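Asker: Take this structure, written in structure tokens, and hold onto it; I'll ask about it next.
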Amino acid sequence: MGSSDHLQYTFKVENSTEIIRSIRSGEQEPAHYKLDVDSFSLLPSSLLPASPFLESNEFNVGGFRWVIQIYPNGNKKDNGDGHISIYLKLCDKLNSSSFINVIFRALLYDQGRDKYLIIQG
């Protein structure tokens, strides 16, 4: 695909409206942010009930400020109870006509098994 090539596809999400995804090549250099969590197994007991997630420091990608939120026991409000929930959260306020195309990939390293879990959304 050249720098101006564009691929668009459409899919439906259960109980939701139609979503159109668009992929463009060569417009923005990929960026990354690394969040290290020491002793992940101890994380749930160190969080407060009012704030059941770990939040990264703010970082800048594509001219926008972001944070990563990790719910080690899942986000109960989003039916994630008993699972790890990971969110990429935009810190900047946008107007209603703004559009940001994001490809988010999380790599979770399990030291005990020496394997990675890759989540992309």
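The values are calculated or read from the model by the stated rules, or taken from the named source; none is laboratory data. Computed from a predicted structure; not experimentally measured. Don't worry about glycine lacking a Cβ; one is built from the backbone with ideal geometry, like all the others, and counts go over all protein chains shown. Calculation scope for accessible area: heavy atoms of the full protein, side chains included, ligands and nucleic acids excluded. Shrake-Rupley method; radii C 1.70, N 1.55, O 1.52, S 1.80 Å.
Asker: Identify all residues within segment 48-68 that are more than 15 Å from residue 102 (Cα to Cα) and surrounded by fewer than 15 Cβ atoms within 10 Å (Cβ to Cβ); write none if there are none. Talk me through it step by step, then tell me what you get.
Answerer: The first filter runs over segment 48-68 and keeps only residues more than 15 Å from residue 102 (Cα to Cα), leaving 48-58.
Hits for segment 48-68 are 48, 49, 50, 51, 55, 57, 58.
Asker: Tell me which residues, restricted to segment 72-102, are under 12 Å from the mean Cα position of the chain (by Cα) and hydroxyl-bearing (Ser, Thr, Tyr).
Answerer: Hits for segment 72-102 are 85, 87.
Asker: Go through (1) modelled with pLDDT under 80; (2) in a helix (DSSP H, G or I); (3) open to solvent by 60 Å² or more (accessible area, probe 1.4 Å) for residue 43 and report which single condition fails.
Answerer: Of the numbered conditions (1) modelled with pLDDT under 80; (2) in a helix (DSSP H, G or I); (3) open to solvent by 60 Å² or more (accessible area, probe 1.4 Å), the odd one out for residue 43 is (3).
Asker: State whether one or more residues within segment 10-27 are in contact with a strand residue (DSSP E or B) (Cβ under 7 Å, 6 or more places away or on another chain) and modelled with pLDDT of 65 or more.
Answerer: So far as segment 10-27 goes, no, none of its residues is in contact with a strand residue (DSSP E or B) (Cβ under 7 Å, 6 or more places away or on another chain) and modelled with pLDDT of 65 or more.
Asker: Do you know which residues across segment 103-121 are open to solvent by less than 100 Å² (accessible area, probe 1.4 Å) and within 9 Å of the chain's Cα centre (by Cα)?
Answerer: Within segment 103-121, 104, 106, 119, 121 meet the criteria.
Asker: Sticking with this structure for a sec: Starting from segment 65-93, take each residue that is outside any loop (DSSP other than H, G, I, E, B) and list its partners that are open to solvent by 30 Å² or more (accessible area, probe 1.4 Å) and among the basic types (Lys, Arg), counting only C-beta distances under 6 angstrom and pairs at least six apart or across chains.
Answerer: 67/89; 69/89
Asker: Shifting gears a bit: Determine whether segment 79-88 contains at least one residue that is at pLDDT 80 or above and touching a Phe, Trp or Tyr at 6+ places or on another chain (Cβ under 6 Å).
Answerer: Yes, segment 79-88 contains at least one residue that is at pLDDT 80 or above and touching a Phe, Trp or Tyr at 6+ places or on another chain (Cβ under 6 Å).
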